[in-house]
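Peer 1: Supplied in C-alpha cells, the structure appears directly below.
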Amino acid sequence: MIRLHASLERRLAVLFPRAREREQFVTGIIEDTLMNQPERTEPLPEAIGGTLHLFTDGGSRGNPGEAAIACILEDPARGITLREHAERIGVETNNVAEYRALIEGLKLAEDCHPNRLVCHLDSELIVKQLNGEYRVKMATLEPLHRDVQELSMFFPDVVFRHIPREDNYRADALVNKALDANPSRPHVPRASDGGQMRFGI
C-alpha cells in the first residue's frame, strides 16, 4: 500500500473499512491519473543519488510585508549548483516565507532522487520545529509544517540544519534580488485589520 498522510488514511478508512478496498481505490486513482497525463517531451532529470545540499531562505520587508523566497540545490561531490530558484510571494511574514522557500526547495530536490538531502536554513525557529524541539503554535505555520513533512517522505533521509545567516549568503542574495526587481509600496493595514499593525510569525 502506498504510504499516505495519516489524515488521508483516516478518511479512507471511513469510506472503505477493508484494507483491500482502500488499496484498489487508491491504485485506481493513480492509474487513471497516469493514463491521462500527456507524454513528456523534455528529458527526465538525471537520477543523481548520493548526498545533495539544499540552501533555502525567505524574507519579508515589513513582517508582514512584501516577501520572497529562494532555494539553491548543490551537489557537493561534484562541487556544482544543480538548480536555483527565487520568486516573490506577495505579502507574508518572515517565517511563512522561510517555510515556503523550503517547500519549493524540496520540490526541486525531489526530481534529483538523492539518497540523502541536507537542508540548510538560517531560521533557528523553523529548524527546531522541523526537528521536533519546538511545537508549531501559529495556525498559519501548521499547514506549511505538514507540507514539509509530507514532502520529506519522498526522500530516504532528510536532515534539517541551522546555519548562520552569513553562511547562507547566496540564498539571502537571491531573496533580496527578487524583492529589488519589482519594488512596491510598503504594506499598509486595511480597514478590516482594525486599523492596527499586525505582526505575524
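No value in this document is a laboratory result; all are computed from the given coordinates. Small disclaimer: the values here were computed from a predicted structure and weren't measured. Here Cβ is always computed from backbone atoms with ideal geometry, including for glycine, and neighbour counts include all displayed protein chains.
Peer 1: Quick check: net charge around Tyr134, other residues with Cβ under 11 Å of its Cβ, Lys/Arg +1 and Asp/Glu -1?
Peer 2: Values: positive: Lys128, Arg135, Lys137; negative: Glu124, Glu133.
Result for the local shell: +1.
Peer 1: May I pose another question? Quick one: if the Förster radius is 45 Å, what FRET efficiency do Arg10 and Glu166 give, using the C-beta to C-beta distance and rounding to 0.05? Present the calculation step by step, with values, prior to reporting the outcome.
Peer 2: Details: r = 44 Å, r/R0 = 0.99.
According to the calculation, E is roughly 0.50.
Peer 1: From the Cα gyration tensor of segment 51-184, with a ≥ b ≥ c the square roots of its eigenvalues, which class applies: rounded if a/c is under 1.5, or else prolate if a/b is larger than b/c, or else oblate?
Peer 2: Taking the square roots of the gyration eigenvalues as a ≥ b ≥ c, segment 51-184 is oblate.
Peer 1: Another question, then. Taking 8 Å as the Cα distance limit and 6 or more residues as the minimum spacing, I'd like the relative contact order of segment 51-184 as a percentage. Don't jump to the answer; show the numbers that get you there.
Peer 2: Working: 278 pairs, mean separation 41.4, N = 134.
Averaging sequence separation for qualifying contacts and normalising by length gives 31 percent for segment 51-184.
Peer 1: Considering only the other residues whose Cβ falls under 12 Å of the Cβ of Glu104, what net charge follows from Lys and Arg at +1 and Asp and Glu at -1?
Peer 2: Neighbour charge sum, excluding Glu104 itself: -3.
Peer 1: Separate question: Sort the following peptides by mean Cβ neighbour count (other Cβ atoms within 10 Å, averaged over residues), highest first: 10-16, 158-164, 48-54. The partial results should precede the final answer.
Peer 2: Numbers: 10-16: 11.7, 158-164: 15.0, 48-54: 18.4.
Order by mean packing, descending: 48-54, 158-164, 10-16.
Peer 1: In what sequence, highest mean first, do 90-103, 67-80 appear when ranked by Cβ atoms within 10 angstrom?
Peer 2: Values: 90-103: 22.9, 67-80: 19.1.
Going from most to least packed, we get 90-103, 67-80.
Peer 1: Next question, about the same structure. How much length, in nm to one decimal, is gained on full extension between Ala181 and Asp157, taken as 0.36 nm per residue of separation minus their Cα-Cα distance?
Peer 2: Details: separation 24, 0.36 × 24 = 8.64 nm, distance 3.58 nm.
Result for the pair: 5.1 nm of gain on full extension.
Peer 1: I want the local charge near Lys177. Using Cβ-Cβ distances under 14 Å, sum +1 for each Lys or Arg and -1 for each Asp or Glu among the other residues. Each step should come with its number before you reach the end.
Peer 2: Working: positive: Arg61, Arg88, Arg170; negative: Asp57, Glu66, Glu84, Glu87, Asp172, Asp180.
After counting each charged neighbour, the total is -3.
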